[in-house]
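**Q** My questions all concern the structure below.
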Ligand SMILES: [Fe+2]
């Protein structure tokens, strides 16, 4: 029998798959067989002792924890693993997990020993969701499940985006790529791209329109732990400190604005509310501003004023009522001025309306440049440009 440092070459490299029965979540341990550097994908808070024991059992040093998205059904242990095991934390840029040390973009890689994990942006279940490729294994989170896929009806989900992520990103991988899902509810462990491409009843052989119609007709119950889990996951599972707690509370309008709208919220709190489905974000900037500067995925455009001449939008009242759909509103503009005027008007219409502090670009700095002193983009919350 061959022994010594090359003996690992004789064995296929496989992840260690661990299961949390309460949330049916799979956590994955990947490691370099020589250096013993390890990476954890989607660790679950309640399973931290199991995960630390697994690392000890295999003689591994945890160097990374990675999230596929901000989960709604369980809380991550990433923050605690960073403290206890010295791991670095990584999460998709578009998920608003501000505490993650590395904000991953499509194509980014994480190294552990001589091994490399590659991030694939696969939006749809949530706007920021990612899958991760390691050798011939793909970890698909809630994007692709075995004979299923993640839901798309909250957290800025989009059935259209999910269809494209499945058919153009994941199904473009070689057929023999092994699929390791974020959950399974029927005891199945893994699948392959070839098998899902041909047999996945949600997507195989379906057009985008058929897939979207199917996803929009699912009428799934709200996840039991969403109100607790999403906010906790936006801080890597760590509870807020005194500063964080303050920032995560709405503030009543002050001075002359007192009582004229529901309150001011930080960009982070606004995004948390949108992610948990309790608020709708309305972008009150002009079409031109959204086009040129960028926009927040899922925000409803209802201009307060419009070119030419920055005249008030005569359809504002009707459009903002429709956008709210019975939920509270968080209003975004360039720097938090128009959104106050719009929040006051929405309040007069009987809506619960909050102003998002700092706006999309924040105030200009000493050089008259915006985007460097606060605001949505500065705080690295999700946004896009056409
Ligand atoms: Fe999820």
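**Q** May I ask you to say which residue of 361, 291, 322, 352 is in contact with a helix residue (DSSP H, G or I) (Cβ under 9 Å, 6 or more places away or on another chain), assigned by TED's automatic domain parsing to the domain that holds residue 274, closer than 28 Å to residue 158 by Cα and surrounded by fewer than 23 Cβ atoms within 10 Å (Cβ to Cβ)?
**A** 352
**Q** Tell me which residues, restricted to region 121-139, are in a strand (DSSP E or B) and buried (at least 24 other Cβ atoms within 10 Å of the Cβ).
**A** Selection gives 130, 131, 132, 138, 139.
**Q** Looking at (1) buried (at least 23 other Cβ atoms within 10 Å of the Cβ); (2) within 16 Å of the ligand (Cβ to nearest atom), which one does residue 65 not meet, given that it meets all the others?
**A** Status for residue 65: all satisfied but (2).
**Q** Residue under question is residue 173, and the condition is that it be in the same structural domain as residue 142 (by TED's automatic domain parsing) and within 16 Å of the ligand (Cβ to nearest atom); does it hold?
**A** No; evaluated as a whole, the condition is false for this residue.
**Q** Only one of (1) over 23 Å from residue 17 (Cβ atoms); (2) modelled with pLDDT of 95 or more is not met by residue 226, so which one is it?
**A** In the conditions (1) over 23 Å from residue 17 (Cβ atoms); (2) modelled with pLDDT of 95 or more, residue 226 misses (2) alone.
**Q** I would also like to ask the following. When you scan region 273-386 for strands (runs of 3 or more DSSP E) that lie fully inside it, which ones turn up with 1 or more residues that are over 20 Å from residue 128 (Cα atoms)?
**A** The qualifying strands (runs of 3 or more DSSP E) are 328-332, 353-356.
**Q** Residue 186 is checked against (1) within 30 Å of residue 295 (Cα to Cα); (2) more than 23 Å from the chain's Cα centre (by Cα) and fails just one. What number does that condition carry?
**A** All conditions are met except number (1).
**Q** If you go through region 83-102 one residue at a time, do you hit one that is within 16 Å of the ligand (Cβ to nearest atom), surrounded by 17 or more Cβ atoms within 10 Å (Cβ to Cβ) and free of Cβ contacts under 8 Å to residues at least 60 places away in the same chain?
**A** Yes - at least one qualifying residue is present in region 83-102.
**Q** Hey, another quick one. Spot the failing condition for residue 137; the list is (1) in contact with a strand residue (DSSP E or B) (Cβ under 7 Å, 6 or more places away or on another chain); (2) within 14 Å of the ligand (Cβ to nearest atom); (3) touching a residue at least 40 places away in the same chain (Cβ under 8 Å), and only one is missed.
**A** Every listed condition holds for residue 137 apart from (2).
**Q** From 188, 272, 202, 225, grab the single residue that is closer than 21 Å to residue 46 by Cα and either touching a residue at least 12 places away in the same chain (Cβ under 8 Å) or surrounded by 12 or more Cβ atoms within 10 Å (Cβ to Cβ) (or both).
**A** Result: 225 is the single residue among 188, 272, 202, 225 that is closer than 21 Å to residue 46 by Cα and either touching a residue at least 12 places away in the same chain (Cβ under 8 Å) or surrounded by 12 or more Cβ atoms within 10 Å (Cβ to Cβ) (or both).
**Q** Please identify the pairs in which a residue from region 51-75 that is under 30 Å from residue 221 (Cα atoms) has its Cβ atom under 6 Å from the Cβ atom of a residue that is away from the ligand (no atom under 16 Å from the Cβ), counting only partners at least 6 apart or on another chain.
**A** What qualifies is 65/40; 65/81; 65/87; 65/89; 66/90.
**Q** For the structure I just gave you, tell me whether residue 109 is more than 16 Å from the ligand (Cβ to nearest atom) and in contact with a strand residue (DSSP E or B) (Cβ under 7 Å, 6 or more places away or on another chain).
**A** Considered against the rule, which asks whether it is more than 16 Å from the ligand (Cβ to nearest atom) and in contact with a strand residue (DSSP E or B) (Cβ under 7 Å, 6 or more places away or on another chain), residue 109 comes out as yes.
**Q** Is region 147-159 home to any residue that is surrounded by fewer than 21 Cβ atoms within 10 Å (Cβ to Cβ), over 15 Å from residue 121 (Cα atoms) and over 20 Å from the mean Cα position of the chain (by Cα)?
**A** yes
The values are calculated or read from the model by the stated rules, or taken from the named source; none is laboratory data. If you're wondering where the values come from, they're calculated on a predicted model, not measured in any experiment. With ideal geometry, Cβ positions are generated from the backbone for all residues, glycine too; neighbour counts draw on all protein chains shown.
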